[in-house]
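What follows is a set of notes on a single structure, which appears directly below.
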Amino acid sequence: KSIENRMLKSLENEEFLVYFQPKVDLQTGLATQAEALVRWQTDEGLIIPPDKFIPIFEKKYLISSLDQYVFKKVCAFISRRLDAGLPVNTISVNVSRLQFYNSDFVKTYEDIKNKFRIPDHLLEIEITESIAFDNVTFLEKTVSELKSKGFLISIDDFGTGFSSLSLLKNIPIDVLKIDQSFFRESIHKEKDNIVIKGIIDLVNKLSIRTVAEGIETAEQVAFLKSVNCNMIQGYFFYKPLPEDKFEEILKKEYTTKAPAFTFTLSET
Ligand code: C2E
Ligand code: CA
Ligand code: CA
């Protein structure tokens with residue numbers, strides 16, 4: 001009970017921070033899109049990563065409040081930039097599967113988007129592929145509704161669960177995020193690469209964009225570029241950053257015409 005009270009208090013006191021991890025577009029080299037990732041900043045100034053508290057929020061059914069808190073902060077960020085005449089690109093937010101099944105979920109997100117007057121296609125909702133297995137018909141309906149309200153949809157952590165190819169065929173998603181487990185050290189490296197290339201080829205043909213997550217080396221970047229992956233999110237380019245640091249990057253990205261990164265490795 002006391003943890004629960006503390007969590008509610010923390011939400012009211014706005015002890016949660018929203019970090020932004022830029023995604024680098026491999027065609028343009030620009031890092032103007034980002035994923036919003038929550039952090040808990042305690043009274044003592046400690047920054048606690050989400051893995052430590054999200055499971056507790058999920059158990060206590062507070063995850064919807066937390067997800068919406070993050071979503072509002074992202075809308076406020078975009079709205080502030082638009083009001084100031086600054087350019088802005090799509091920002092993605094995570095939505096817990098628990099919240100996805102609330103009957104008022106789409107309406108709640110639509111209302112917030114409208115309240116902040118956010119234009120279409122600047123907000124992307126990340127859902128984990130595990131949601132798909134609960135109820136495909138419901139998923140299809142919810143994704144279609146979200147899309148009709150101007151949201152982009154991505155499937156997060158693709159390849160961790162029992163990935164369903166019919167999901168790609170039947171659900172009108174915009175982006176597929178290939179899970180970082182594909183890019184960790186593995187004795188099956190060659191096979192991993194064959195699978196990654198195959199997935200990217202397949203979804204490109206379905207007009208679904210691809211983001212590779214957890215990319216830490218130049219070799220991985222060169223490989224992903226060679227197989228036409230669209231975007232990269234990983235420590236090789238950027239860690240999740242506080243808002244002011246992210247804005248510094250945006251300033252740089254939007255003022256320099258040259259791509260932020262050039263790839264010097266031979267593309268194999
Ligand atoms: P996720 O959605 O898969 O987010 C990506 C995680 O991978 C982030 O961890 C990010 O910091 C980390 N990451 C990115 N690039 C690299 C890399 O190159 N190497 C390594 N080792 N890690 C990398 P983070 O921020 O700790 O978030 C962990 C998870 O917590 C997220 O995984 C997501 O499932 C959840 N989460 C974060 N924010 C929210 C939120 O607002 N709502 C909900 N429901 N879940 C959230
Ligand atoms: Ca995510
Ligand atoms: Ca992920």
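For the chain, take every pair of Cα atoms, bin their distances at 5 Å starting from 0, and report each bin as a whole percent.
All Cα pairs considered, the percentages come to 1, 5, 12, 16, 18, 18, 15, 9, 4, 1, 0, 0.
Pop the C-beta distance of Lys197 and His121 into the FRET formula with R0 = 30 Å and round what comes out to the nearest 0.05.
The calculated FRET efficiency here is 0.60.
Which residues make up the longest stretch of the chain that has no GluC sites (Glu not before Pro) in a DSSP loop with at most 13 other Cβ atoms within 10 Å?
After excluding every exposed loop site, the longest remaining stretch is 45-184.
If you average the alpha carbon positions of region 89-129 and of region 4-67, how far apart do those two centres end up, in angstrom?
Their Cα centres are 15 Å away from one another.
For region 113-175, which chymotrypsin sites (Phe, Trp or Tyr not before Pro) are in a loop by DSSP, counting at most 14 other Cβ atoms within 10 Å?
When the chymotrypsin sites (Phe, Trp or Tyr not before Pro) of region 113-175 are filtered for loop state and at most 14 Cβ neighbours within 10 Å, Phe162 remain.
Working out 0.36 nm times the residue gap between Arg97 and Ser148, then minus their Cα-Cα distance, what length gain in nm do you get to one decimal?
16.3 nm
Of the candidates Gly45, Gly29, Gly214, which one comes out as most mobile in a Gaussian network treatment of the chain with C-alpha springs shorter than 10 Å?
Gly45
Semi-axes of region 5-112's equivalent ellipsoid from the Cα gyration tensor, sqrt of 5 times each eigenvalue, largest first, rounded to whole Å? Please report the intermediate quantities before stating the final value.
On the way: eigenvalues 126, 61, 41 Å².
So the three semi-axes of region 5-112 are 25, 17, 14 Å.
For a quick check, take a GNM of the chain with Cα springs below 10 Å and name the residue from Leu123, Leu82, Leu250 with the largest mean-square fluctuation.
Highest fluctuation among the options: Leu82.
Looking at the chain, which longest stretch skips every one of the trypsin sites (Lys or Arg not before Pro) that is in a DSSP loop with at most 13 other Cβ atoms within 10 Å, leaving the sites themselves out?
2-116
Using a 1.4 Å probe on the protein heavy atoms only, what accessible surface does Asp67 show? Give it in Å² to the nearest 10.
Here the residue's solvent-accessible area equals roughly 20 Å².
Put Tyr254, Tyr69, Tyr109 in order of accessible area, largest first, 1.4 Å probe: what do you get?
Correct descending sequence by accessible area is Tyr254, Tyr69, Tyr109.
Just need the relative contact order of the chain here, percent rounded to a whole number, with Cα pairs under 8 Å and 6+ apart.
The value is 21 percent.
Return the lysines within reach of Lys149: Cα separation strictly under 16 angstrom, same-chain partners fewer than 8 residues apart disregarded; answer none if there are no such residues.
Filter leaves Lys107, Lys113, Lys115, Lys141.
Would you grab the residues whose amide H sits under 5 Å from the one on Ile153? Only those 5+ places off in sequence or on another chain, please, with H modelled 1.01 Å from N.
Ile125, Asp174, Val175
Go ahead and collect, in residue order, the members of region 203-226 whose backbone nitrogen is under 17 Å from a label point 7 Å along the Cα-Cβ direction of Lys169.
Under 17 Å, as judged by backbone N against the label point of Lys169, lie 203-208 of region 203-226.
With θ set to phi - 60°, apply the Karplus curve 6.51 cos²θ - 1.76 cosθ + 1.60 along region 218-230 and write out the HN-Hα couplings as whole Hz, x wherever there is a Gly or Pro.
Per residue, the Karplus-derived 3J(HN,Hα) values read 5, 4, 4, 4, 4, 4, 5, 5, 5, 9, 6, 5, 7 Hz.
Calculate for the chain the 222 nm mean residue ellipticity that helices alone would give, adding -39,500 (n - 2.57) per DSSP H run of length 4 or more and normalising by residue count, nearest 500 deg cm²/dmol.
Helix contribution divided over all residues of the chain: -13500 deg cm²/dmol.
Report the residue, chosen from Pro172, Pro55, Pro22, that carries the largest GNM mean-square fluctuation when the chain is represented by alpha-carbon nodes joined by springs under 10 Å.
Pro55
The values are calculated or read from the model by the stated rules, or taken from the named source; none is laboratory data. Quick caveat: nothing in here was measured; it's all calculated off a predicted structure. Cβ atoms come from the backbone with ideal geometry, glycine included; neighbour counts cover every protein chain shown. Accessible surface is based on the protein model in full, side chains and every heavy atom, while ligands, DNA and RNA are left aside. Shrake-Rupley method; radii C 1.70, N 1.55, O 1.52, S 1.80 Å.
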